[in-house]
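Reviewing the structure listed below.
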Amino acid sequence: KDMRRTEAALGKNTPRFCAAESKYRSEVKKHWVTAHSLPAGHVLCKTDLVMKRVHGHTGEPIELNKLLGRRLTTNVKDETPLTRTFVETTTWILVVARLFSTRLPRKALIPVAGMPALSHLFERLKQATSIDQIILCTTTNSEDDELVLVAEEHNVRCHRGPVDDVLDRMLGALEGYSVDAVVRVTADDILIDPSYLDRAVEHHFSSNAEYTDIKALPSGTEVEVFDTELLQTISSSARHPEGTEYLTTYVIDNQEQFRTAKAIVDPSHERDWRLTL
């Protein structure tokens with residue numbers, strides 16, 4: 001009864017774990033492990049899993065609903081600690097772009113080595129092997145019709161939404177689809193490194209993070225990975241929707257509430273540079 005009263009008092013935007021609770025969970029957490037050996041292709045059910053403390057196992061415990069009903073991608077032995085890399089997942093790239101820019105007008109269509117800048121970005125993103133689909137998220141403004149034409153030339157699907165609410169555009173692109181994680185890319189970053197993009201996605205799922213970055217790379221070559229559920233949480237919790245363009249800021253400002261991770265960058269590639277439009 002008291003729990004129901006507390007839920008009513010908190011309202012819809014219920015807080016996540018506080019810092020003390022997160023610390024406690026990290027010290028005594030248990031992980032889902034396999035109850036017996038299972039073959040690749042097996043669809044996980046409750047009898048396949050048991051929760052145990054696993055000495056030396058890093059990363060956060062995976063939620064049960066992210067395992068049940070999922071198909072294994074590899075053979076696993078009994079008492080194997082499971083991460084999301086063991087099961088089938090769906091990851092999309094959402095490219096956020098619009099032509100309006102006061103600092104560098106129409107920069108997404110600036111010719112670079114014989115192609116529009118946006119074309120270079122699409123071709124680099126297609127080299128990533130961890131991605132199921134690339135979507136252009138642009139606005140309903142007529143001036144952005146040109147961006148849609150470029151996307152169509154590269155067989156990239158488009159979603160159009162509000163001018164001032166980037167997150168609304170992103171969630172609109174995902175509506176009606178079952179997508180586990182999103183790689184957020186801006187059209188400014190035409191030198192995205194596809195191999196590091198794959199590394200970030202793999203690290204995101206292996207650590208059961210809600211948000212993963214790889215920001216030790218030069219700015220403009222790195223990406224960010226968001227769980228779809230995290231984007232939905234931000235949408236329902238952010239007080240100023242027009243500020244959701246800066247999703248990273250929201251996550252960092254509230255990082256005690258979220259599971260964040262940083263993918264490893266080779267020391268020879270760490271640079272405090274900006275390689276972006």
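The values are calculated or read from the model by the stated rules, or taken from the named source; none is laboratory data. These numbers come from a predicted model, not from an experiment. All Cβ positions, glycine included, derive from the backbone under ideal geometry; neighbour counts span all protein chains shown. Quick note on the areas: whole protein, heavy atoms, side chains included, nothing else; ligands and nucleic acids left out. Shrake-Rupley method; radii C 1.70, N 1.55, O 1.52, S 1.80 Å.
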Item to check | Calculated diffusion of the range 101-173, Stokes-Einstein form, Kirkwood radius summed over Cα pairs, 4 °C and 1.567 mPa s, µm²/s | outcome: 99
Item to check | Only Lys, Arg (+1) and Asp, Glu (-1) charged, at Cβ; the range 55-199 dipole about Cα centre in debye | outcome: 200
Checklist entry - Over all distinct Cα pairs, what is the inverse of the mean 1/r for the range 32-98, reported as the Kirkwood hydrodynamic radius in Å? => result 12.9
Checklist outcome for this item: In the chain the DSSP beta bridges are antiparallel at a rate, in percent to nearest 5, of 45
Item to check | Normalised convex hull volume, the range 162-277, alpha-carbon set, Å³ per residue | outcome: 115
Checklist entry - Points 7 angstrom from Cα along the Cβ direction at Ala19 and Arg157: gap in nanometres? => result 4.2
Checklist entry - Where the accessible area of the range 129-276 is counted over protein heavy atoms with a 1.4 Å probe, how much of it, in %, is carbon and sulfur? => result 46
Item to check | Degrees separating the helix 228-237 axis from the principal Cα axis of the chain, which is the longest one | outcome: 80
Item to check | Alpha-carbon Rg with Dmax, taken over the range 128-219, Å | outcome: 14.2, 42
Checklist outcome for this item: Plugging the Cβ-Cβ distance of His120 and Asp253 into 1/(1 + (r/R0)^6) at R0 = 35 Å yields, to the nearest 0.05, a FRET efficiency of 0.60
Item to check | For the chain, the Rg and Dmax computed from alpha carbons only, in angstrom | outcome: 20.3, 67
Next on the checklist: Expected output is a single nm value to one decimal: the length gained when fully extending between Leu104 and Glu63, i.e. 0.36 nm times separation in residues minus the C-alpha distance. What is it?
Outcome noted: 10.4 nm
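Given 0.36 nm per residue, what is the gain on full extension from Lys262 to Leu149 after removing their alpha carbon distance, in nm?
Values: separation 113, 0.36 × 113 = 40.68 nm, distance 3.51 nm.
Extending this stretch completely gives an extra 37.2 nm.
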Checklist entry - Can you list, bin by bin at 5 Å, the percent of alpha carbon pairs in the range 11-152, starting at 0? => result 2, 8, 13, 12, 10, 10, 9, 10, 10, 9, 6, 1
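Need the full-extension length gain, Glu270 to Glu175, defined as separation in residues times 0.36 nm minus the C-alpha distance. One decimal, nm. Intermediate values should be presented prior to the final figure.
Values: separation 95, 0.36 × 95 = 34.20 nm, distance 3.62 nm.
Computed gain between Glu270 and Glu175 is 30.6 nm.
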